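The values are calculated or read from the model by the stated rules, or taken from the named source; none is laboratory data. Note that this is a predicted model, so its numbers are computed, not measured. All Cβ positions, even for glycine, are placed from backbone atoms using ideal geometry, and neighbour counts span all protein chains on display. For the accessible areas, the whole protein counts, side chains as well, though only heavy atoms, and no ligand, DNA or RNA atoms are used. Shrake-Rupley method; radii C 1.70, N 1.55, O 1.52, S 1.80 Å.
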Amino acid sequence: MILPLILLLQTSSAPFPDGAQKRFEACAALAEKQPEQAVKEADAWRTGGGGLPARMCLGLAYVSLERWGPAAITFEQAAREAEIQRDGRAAPLWVQAGNAALAGDDPAMARGYFDRALALPVLSDAMRGETLLDRARAQVAINNLADARADLDKALTLVPRDPMAWLLSATLARRQGDAARATKDIAEAARLAPNEAPVAYEEGNAAALAGDMDKAKAAWQRAVTLAPDSDAGQAAALAIRGQ
């Protein structure tokens with residue numbers, strides 16, 4: 001969930017002054033196409049007093065290179081600087097840091113970053129819902145399932161049309177052995193995103209938990225058909241072979 005926030009980082013507050021906005025936009029574009037060069041330019045800009053926009057571009061360049069640890073630290077530093085400046089980008093920068101930490105397999109650190117984002121009163125309902133989903137993913141990764149459930153239930157009230165929210169909720173319900181909740185929530189995910197392999201795969205898992213193996217196999221086969229080379233498609237194929 002990192003890259004779609006690039007636009008938000010550019011527009012969630014007033015443009016940077018004194019030509020810094022244009023330099024940031026050029027640097028962000030370079031981060032997508034030539035991230036190694038963007039790291040060099042952004043770091044030179046930062047050490048030369050570039051401040052918040054330079055840190056933001058450096059973080060984006062690290063994301064493009066999938067250097068998740070440096071990305072998380074850079075976004076954390078940018079978020080702290082934005083808070084000091086009372087800049088409206090602080091909350092999405094904490095979210096960026098959290099997602100980089102999640103991608104780098106550090107869910108405990110990610111949860112702390114999401115906590116910081118959610119503590120700020122500036123997130124829209126939609127962004128708050130998505131951030132709660134992200135924090136729920138971190139909670140699951142550190143086995144805080146009760147807290148993950150609380151976050152997911154809040155998120156579902158804020159982003160009820162996001163199929164990922166229902167998919168994550170169904171997956172957690174299955175993990176907790178709640179077949180009825182898993183079946184209900186994955187049905188809603190399937191209604192919103194009928195052609196997504198991860199949804200079909202989890203639909204099969206929920207059906208298997210409920211003891212309906214015919215339905216489970218049909219859903220797993222649909223996942224394989226939709227995206228045979230994806231993680232969900234391959235997992236579904238293994239599930240079918242395991243029966």
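Scanning the stretch 143-169 for residues that are over 18 Å from Leu192 (Cα atoms) and open to solvent by 40 Å² or more (accessible area, probe 1.4 Å), which turns out farthest from the chain's Cα centre (by Cα)?
So the residue we want is Ala146.
Any residue in the stretch 72-86 that's buried (at least 16 other Cβ atoms within 10 Å of the Cβ): show its pairings with residues that are not in a helix (DSSP H, G or I) at Cβ separation under 7 Å, as long as the two are six or more apart or on different chains.
Once the first residue is buried (at least 16 other Cβ atoms within 10 Å of the Cβ) and sits in the stretch 72-86, its partners that are not in a helix (DSSP H, G or I) give Ala72/Gly104; Ala82/Arg89.
Somewhere in the stretch 160-178, is a residue assigned to a helix (DSSP H, G or I) and of a type in the set (D, E, K, R)? First the steps, then the outcome.
So the first thing to find is which residues in the stretch 160-178 are assigned to a helix (DSSP H, G or I), and the list is 163-175.
In the following step, the residues that additionally are of a type in the set (D, E, K, R) were identified as 174-175.
Within the stretch 160-178, one or more residues are assigned to a helix (DSSP H, G or I) and of a type in the set (D, E, K, R).
Which of (1) at pLDDT below 95; (2) open to solvent by less than 70 Å² (accessible area, probe 1.4 Å) does Ala189 not meet, given it meets every other one?
(1)
Please enumerate the residues belonging to the stretch 192-205 that are closer than 24 Å to Ile240 by Cβ, open to solvent by 30 Å² or more (accessible area, probe 1.4 Å) and either of a type outside the set (Ser, Thr, Tyr) or assigned to a loop (DSSP other than H, G, I, E, B) (or both).
Step one: filter the stretch 192-205 for residues closer than 24 Å to Ile240 by Cβ, giving 193-205.
Retained after the next criterion (residues that are open to solvent by 30 Å² or more (accessible area, probe 1.4 Å)): 194-196, 198, 201, 203.
If the condition is that a residue be closer than 24 Å to Ile240 by Cβ, open to solvent by 30 Å² or more (accessible area, probe 1.4 Å) and either of a type outside the set (Ser, Thr, Tyr) or assigned to a loop (DSSP other than H, G, I, E, B) (or both), then Pro194, Asn195, Glu196, Pro198, Glu203 are the ones that fit.
With the structure loaded, tell me whether Ala150 is among the aliphatic types (A, V, I, L, M), free of Cβ contacts under 8 Å to residues at least 24 places away in the same chain and more than 23 Å from Ala28 (Cβ to Cβ) or whether it fails that test. First the steps, then the outcome.
Numbers: among the aliphatic types (A, V, I, L, M): yes; free of Cβ contacts under 8 Å to residues at least 24 places away in the same chain: yes; more than 23 Å from Ala28 (Cβ to Cβ): yes.
Yes; evaluated as a whole, the condition is true for this residue.
Which residue pairs have Cβ atoms closer than 7 Å, lie 6 or more positions apart in sequence or on different chains, and pair a first residue in the stretch 229-240 that is part of a loop (DSSP other than H, G, I, E, B) with a second residue that is at pLDDT 95 or above?
Ser230/Ala197
I'd like to check something: does the stretch 61-70 contain any residue that is at pLDDT 95 or above, in a helix (DSSP H, G or I) and out of contact with any helix residue (DSSP H, G or I) (no Cβ under 7 Å at 6 or more places or on another chain)?
Yes, the conditions are met somewhere in the stretch 61-70.
I'm checking my understanding of the structure. Among residues of the stretch 89-110 that are open to solvent by 30 Å² or more (accessible area, probe 1.4 Å) and small (Gly, Ala, Ser), which one is farthest from Arg137 (Cα to Cα)?
Gly104
Test Arg128 against the criterion of being of a type in the set (Lys, Arg) and either modelled with pLDDT under 95 or under 18 Å from Gly112 (Cβ atoms) (or both), and give yes or no.
Details: of a type in the set (Lys, Arg): yes; either modelled with pLDDT under 95 or under 18 Å from Gly112 (Cβ atoms) (or both): yes.
So Arg128 fits the description; yes.
Output the qualifying pairs, or none if there are none: Cβ atoms under 9 angstrom, residues six or more apart or on different chains, first residue in the stretch 180-194 and closer than 11 Å to Arg161 by Cα, second residue among the hydroxyl-bearing types (Ser, Thr, Tyr) and surrounded by 17 or more Cβ atoms within 10 Å (Cβ to Cβ).
Pairs that qualify, where the first residue is closer than 11 Å to Arg161 by Cα and the partner is among the hydroxyl-bearing types (Ser, Thr, Tyr) and surrounded by 17 or more Cβ atoms within 10 Å (Cβ to Cβ), are Glu188/Ser169; Ala189/Ser169.
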